[in-house]
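Here the structure is laid out as structure tokens; the discussion comes afterwards.
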Amino acid sequence: MTAPDAGPLNPNERKPVPSPNLLGCTIILVRTQGPINLGMVARVCGNMGINDLRLVAPLCEVNCDDSRKFSTHSRDLLLGARVFPDLASAVADCGLVIGTSARFRDSELGSSLAPYEIPELLVRRPAERWAIVFGNEADGLDTAELRCCQTWMHLETFGDNSSYNLANAVAICAYVIATTGIPPLRGTDEPGAPREAVTALYDYWLGTLDRIQYFRRADVERFRPLLTRMLARWHLTMNDVQALRGMLAQVNYFSFGRRFDRHDADRGVTEPPERE
């Protein structure tokens, strides 16, 4: 006997199914000014199935009447958000960091991406944990904060106002990323190295070049953005980072006549021994 047709499922009874495009996503808010925005962003994260919200040096009270009021059904996410003193520490465990800007910039990170391009980027540069970083409501991310990112995203406007409210920007970006066609190759490659490891490689690379007098003093600042852009384009895994640090360690060894190998580099030794 055929069971009777129960009719369409009540939308309120459906089980939430997070978008695969947002797996491993972290939302990071930097120097946020308004508690209402904090609450609304927490609610957006709850809507989109994003369970990791991080705050960098917030300029307002996190746990207050306004933030709680506007975090409808996501109060635990708001009150459980981790707070960091700076962006570098907030992204240390992220394999891919995407900054945001309301305006086009002459950025060290190259051309901007649109939100719908992020799923394809995640196919090319998979990461177990990846972050989208939103700056202060008034000023956005400053240059130093953008340098903590590997690429950046611009959200287009079509009217006289050139920027979105912070919570609206988070909602639009998350929704577009979540609903863009899901590429078939996600998760087939090795995850990217944590940002902390890539930053340490960057510092070690620059330090090595400086020690072997690769560039004149006046050229150091000109070279920094070139190296930043180059590393941002590469999908560096932990194996890649370790291999490159090993190569740089050998450069130090042959330049300074004493063993300075990859194990020293892994321990964070950056200064070469003096010649004997």
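Readers should treat all values here as calculations from the given coordinates under stated rules, not as data from a laboratory. Owing to the predicted nature of the structure, the values given are computational and were not obtained by experimental measurement. Cβ: placed from backbone, ideal geometry, glycine included. Neighbour counts: every protein chain shown.
Below, the figures for the structure above:
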item: Sorted by Cβ density within 10 Å, fewest first, the residues CYS45, CYS149; result: CYS45, CYS149
item: Farthest positive-ward along region 20-179 dipole, Cα basis, beta-carbon charges - from VAL44, MET153, ALA167; result: VAL44
item: For GLU145, GLU117, order by how many other beta-carbon atoms lie within 10 Å, fewest first; result: GLU117, GLU145
item: For region 20-179, fraction of C-alpha pairs farther apart than 22 Å, in %; result: 35
item: Nonlocal amide H pairs with CYS60, under 5 Å, H built at 1.01 Å; result: none
item: Built amide H within the under 5 Å cut-off of ARG82, gap 5+; result: LEU53, LEU55
item: Among beta bridges that DSSP assigns inside region 26-179, antiparallel share in %, nearest 5; result: 5
item: Label point distance in nm, ASP219-ASN63, each placed 7 Å from Cα along Cα→Cβ; result: 5.4
item: Lys/Arg +1, Asp/Glu -1 at C-beta; region 20-179 dipole; positive extreme among LEU113, ILE177, GLY99; result: ILE177
item: Sequence-distant residues sharing a close amide H with THR100 (under 5 Å, placed H); result: VAL133, GLY135, MET153
item: With 10 Å bins from 0: P(r) over region 213-252, alpha-carbon pairs, percent; result: 25, 42, 32, 1
item: Per-residue HN-Hα couplings for region 112-125 [Karplus 6.51, -1.76, 1.60; θ = phi - 60°; Hz; x = Gly/Pro]; result: 7, 10, 8, x, 5, 8, 5, x, 5, 4, 5, 5, 6, 9
